[in-house]
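Here the structure comes first, spelled out in structure tokens, and everything after it is commentary.
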Amino acid sequence: MKAGIVGLPNVGKSTLFNCLSNAKAQSANFPFCTIEPNIGVVNVPDPRINKLEELVKPERVQMATVDIVDIAGLVKGASKGEGLGNQFLGNIRECNAIIHVLRCFDNDNIVHVDGSVDPIRDKETIDIELQLKDLETVEKRLEKTKKAAKTGNKEAQVETALLERIREALLQAKSARTVVAQNQDEEALLEDFQLITAKPVLYVCNVNEESAVNGNEYVEKVKELVKDENAEVIILSVGAEADITELESYEERQIFLEDMGLTEPGSAVLIRAAYKLLNLQTYFTAGVKEVRAWTIKVGDSAPKAAGVIHSDFEKGFIRAEVIAYNDYVSFGSEAKVKEAGKLRVEGKEYIVKDGDVMHFRFNV
Ligand code: GDP
């Protein structure tokens, strides 16, 4: 699963990407410095895995991860080929969710492509480009489905009606995610269209260090603007976070954070929010060789969850032995959980819960 970082040039995308992934994407005070899409694999901070590590003392620990993609080249006119043109749009289409970075800091030394700091205008600029691109996609598809609908094809009629609704929304400068599916067919179609503005989004307000805790007036404006979108707004001082990642020791980083009034880096908050936005959750396997967090979708069944480890586990699934995370921690070990009769045996229908500690039985 991938989350793509979008925003105008010079709002702090690459810097954020670097802090998240510690990859060496270039970051310079220069528009278009990130020309190739950069993909970073990011660990999802989760105190539960540290707790399990403490209890099990395994040889190694593997955290859950999310792929983060730094998407460059989004400027006014991009949908019509300005800047890096359409190159970036394919990269967004491949993402499952969008992290939209807005510049909410003043700094005369850092050029703004539109001459002044205004996150409301910036958001609109980006939204419009994405909506125009979607409009193109929708209109192309409408041409085909309209013809088929005329011949009496029921499916094409359903599709046409939905496309018309989306088109209407886009023409009113509303994103496709504001169009709500009326039934499962429409839901499936919406997925199939792969529209950029239908993807779930969260906003990152990039502020100066002193505003990292309480935000500033730009942030207030952004919050007001998106209040009906049901989207999360995260305040983050990308510049300060970048400085923190430069520090060698954990203690130094903690002191820096405390000085800023934070208990953990904003990037950790962001990654967890992205994980949630992607509708992901975690289950654990806890053995002496390895304690590991595995990523599944909310609502996945036990066999599906097993399939994340290996497809054979899913095919040959017999049953799962499940310990709720809280039980594992309060009893302290698998053996004690068993003694207490808290280990459950679950079958194919079981819907895995966030934090379950699982062990699968399967045929090969
Ligand atoms: P991108 O074009 O959106 O990828 O932007 P970059 O990450 O390359 O950042 C552009 C410039 O803004 C760089 O010089 C960064 O160091 C600087 N910058 C990024 N975030 C902040 C911030 O929170 N505060 C300040 N003052 N500068 C920042």
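Using the Cα centre as the reference, give the magnitude of the dipole from point charges on the C-beta atoms of the range 270-364 (Lys, Arg: +1; Asp, Glu: -1; all else neutral), rounded to the nearest 20 debye. Write out the running numbers ahead of the final one.
Numbers: 15 positive and 12 negative charges, 19 e Å.
The dipole magnitude comes to about 100 debye.
Roughly speaking, what is the stretch gain from E339 to E155, that is 0.36 nm per residue apart minus the C-alpha to C-alpha distance, in nm to one decimal? Before the final figure, lay out the partial values.
On the way: separation 184, 0.36 × 184 = 66.24 nm, distance 5.60 nm.
Separation in residues times 0.36 nm, less the Cα-Cα distance, equals 60.6 nm.
So how much slack lies between N214 and E252, counting 0.36 nm per residue of separation and subtracting their Cα-Cα distance, in nm? Provide the component values of the computation, followed by the final result.
Numbers: separation 38, 0.36 × 38 = 13.68 nm, distance 2.28 nm.
Between N214 and E252, full extension yields an extra 11.4 nm.
Sort 180-193, 310-323, 45-58 by the packing proxy (mean of other Cβ within 10 Å over each peptide's residues), most packed first.
On the way: 180-193: 12.9, 310-323: 17.1, 45-58: 15.6.
Ranked from most to least packed, the peptides come out as 310-323, 45-58, 180-193.
Which whole-number percent gives the relative contact order of the chain, counting Cα pairs below 8 Å spaced six or more residues apart? Don't skip to the end; give the middle numbers.
Numbers: 649 pairs, mean separation 66.8, N = 364.
The value is 18 percent.
What whole-number volume per residue, in cubic angstrom, does the convex hull of the C-alpha atoms of the range 299-362 give?
Values: hull volume 4.8 nm³, N = 64.
Measuring per residue, one finds 74 Å³ for the Cα hull of the range 299-362.
So for R141, R344, fewest C-beta neighbours within 10 Å to most, what's the order? Before the final figure, lay out the partial values.
On the way: R141 19, R344 14.
Fewest to most other Cβ atoms nearby, the residues stand as R344, R141.
What percent antiparallel are the DSSP beta bridges of the chain, to the nearest 5?
Values: 23 of 45 bridges.
Here the antiparallel bridges make up roughly 50 percent for the chain.
So if I place +1 on the C-beta of Lys and Arg and -1 on the C-beta of Asp and Glu, and nothing else carries charge, what would the dipole magnitude of the chain be about its Cα centre? I want it in debye, nearest 20. Don't skip to the end; give the middle numbers.
Details: 45 positive and 59 negative charges, 331 e Å.
With Lys and Arg at +1 and Asp and Glu at -1, about 1580 debye.
Taking only the Cα atoms of the chain, how large is their convex hull per residue, in Å³? Numbers along the way, then the final one.
Numbers: hull volume 61.0 nm³, N = 364.
It comes to 168 Å³ per residue, whole-number rounded.
Rounded to the nearest 0.05, what FRET efficiency do R361 and K2 have when you use their Cβ-Cβ distance and R0 = 35 Å?
Once rounded, the FRET efficiency stands at 0.60.
Laboratory data are not the source of any read-out in this text; all were calculated from the coordinates shown. Fair warning: this is a prediction, and the values are worked out from it, not measured in the lab. Every residue, glycine among them, receives a Cβ derived from its backbone with ideal geometry; neighbour counts consider all protein chains shown.
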